[in-house]
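The values are calculated or read from the model by the stated rules, or taken from the named source; none is laboratory data. These numbers were taken from a predicted model, which means no experiment stands behind them. Note that we place each Cβ from the backbone using ideal geometry, even for glycine, and neighbour counts take in every protein chain shown.
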Amino acid sequence: MATDTIRAVRFHGAELGVAIDEVPYPAPGKGEVALRVSACGLCGSDLHFLEGMPVPGGVPLTLGHEPAGVVEAIGEGVTAWSPGDRVAITLGAGCGECPTCRTGHPNSCPYLVAPGLHIDGAWADVMRVPESTLVRIPDGVSDVAAAVATDCVATPYHGLKCRARLQPGEQIAVIGCGGLGTQTIAMARHLGAADIVAVDVSAAALEHARAAGATATVLVEPGRDAAAAIMGALGAGVTLAVECVGRPETVASGIGALVPGGRVLIIGVGMLPLSIGVPQALIALWEYSFIGSFGSHKEDLEEVLRLEAAGEIDIESCISHRLGLDEVPAGLEMLQSKRDDPQRIVMETGVV
């Protein structure tokens, strides 16, 4: 039942950080629903805001862009959803009319409206979202698994399947083996990659990578180029390098590890300009491709949830920590410091 106020973890800027505030209940407007949040992931990209990256929606803003929950109230004109429906939320809603949307890239729409980025997100008791972002959670899929699926699993699925068009039998490298990287490895294994080289600066992260399906691991010192080590692990270069860090040097390592005709898939989010260190003539001669990938489409999330329901993937096994709403600030510190080896942290209602 709706109350006058709810609790929300609000970001007040890089200097002030986050705080748990009382805010008005987000009553749904036309074409919107109010969602009682069951679970929401804590994502590495949230840390970029604490480190100074501008928040598209301005501050203060409730963060949290990996939500699942139960429809609590519906706004005017909403007919496809009812209170009590279990749903996950796609990254955002494009306008559907601009050239970007019309050519199949709604997740990159200039007018994208994404919870936790442009509008208040899911680190709250209740959130308000457009009905166009809702995806039904299948029976047999937990709310916490559905929450992680919205970004941490749907993002690598979209990148590998839709953008890089990974083919069975490929040799790939995954650079950066945090939560996103390990899910990229698991999804690449599911999609049929033959050899998967995991690259990270942390031995613990590489242990998780091997458990996720990596066939070889490369431990590199921070700031060192990993390209030669990747090629040494396979005895040759890779057809696809997936960058999950968001730094220019790791993108350059991916390029350096490619065979002719290879491609780099950039999933990591960073604000620094790239310096790839490869002559333009060689990019042309060797037909390299550079592919950006951001979030996913609604259809990607639907497919990931179908795979989880069918037992073809196991999302819930990657969750290392479950925290209550009041513990989100501590969870962000844990994610930033890597304390207690966080793989995937989920804010879950009912956890105290």
Could you check the stretch 130-174 and list, in sequence order, the residues that are at positive phi and buried (at least 22 other Cβ atoms within 10 Å of the Cβ)? none
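Residues checked against (1) at positive phi; (2) within 17 Å of the chain's Cα centre (by Cα); (3) modelled with pLDDT under 95:
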position: 300; (1), (2), (3): no, yes, no
position: 306; (1), (2), (3): no, no, no
position: 310; (1), (2), (3): no, no, no
position: 319; (1), (2), (3): no, yes, yes
position: 327; (1), (2), (3): no, no, no
position: 332; (1), (2), (3): no, yes, yes
position: 338; (1), (2), (3): yes, no, yes
position: 342; (1), (2), (3): no, yes, yes
position: 345; (1), (2), (3): no, yes, yes
Kindly indicate whether residue 18 is at pLDDT 90 or above and under 27 Å from residue 144 (Cβ atoms). yes
Take the conditions loosely packed, with under 13 Cβ neighbours inside 10 Å, of a type in the set (D, E, K, R), in a loop (DSSP other than H, G, I, E, B) and outside the structural domain of residue 19 (by TED's automatic domain parsing) and apply them to residue 312. Does it pass? no
Filtering the stretch 208-244 down to residues that are among the charged types (D, E, K, R) and modelled with pLDDT under 95, which residue is nearest to residue 262 (Cα to Cα)? 225
Looking at (1) out of contact with any strand residue (DSSP E or B) (no Cβ under 9 Å at 6 or more places or on another chain); (2) more than 30 Å from residue 318 (Cα to Cα); (3) not basic (Lys, Arg), which is the only condition residue 221 fails? (2)
From 195, 151, 200, 143, which residue is charged (D, E, K, R) and more than 30 Å from residue 347 (Cβ to Cβ)? 195
Filter result (over 29 Å from residue 136 (Cα atoms) and not in a helix (DSSP H, G or I)) within the stretch 315-339: 338, 339
Restricting to the stretch 44-96, and then to whatever is β-branched (Val, Ile, Thr) and not in a strand (DSSP E or B), can you tell me which residue is surrounded by the fewest Cβ atoms within 10 Å (Cβ to Cβ)? 79
Test for residue 243: is it over 30 Å from residue 40 (Cβ atoms) and either within 17 Å of the chain's Cα centre (by Cα) or charged (D, E, K, R) (or both): no
Hey, does the stretch 23-46 have a residue that's more than 23 Å from residue 130 (Cβ to Cβ) and among the β-branched types (Val, Ile, Thr)? no
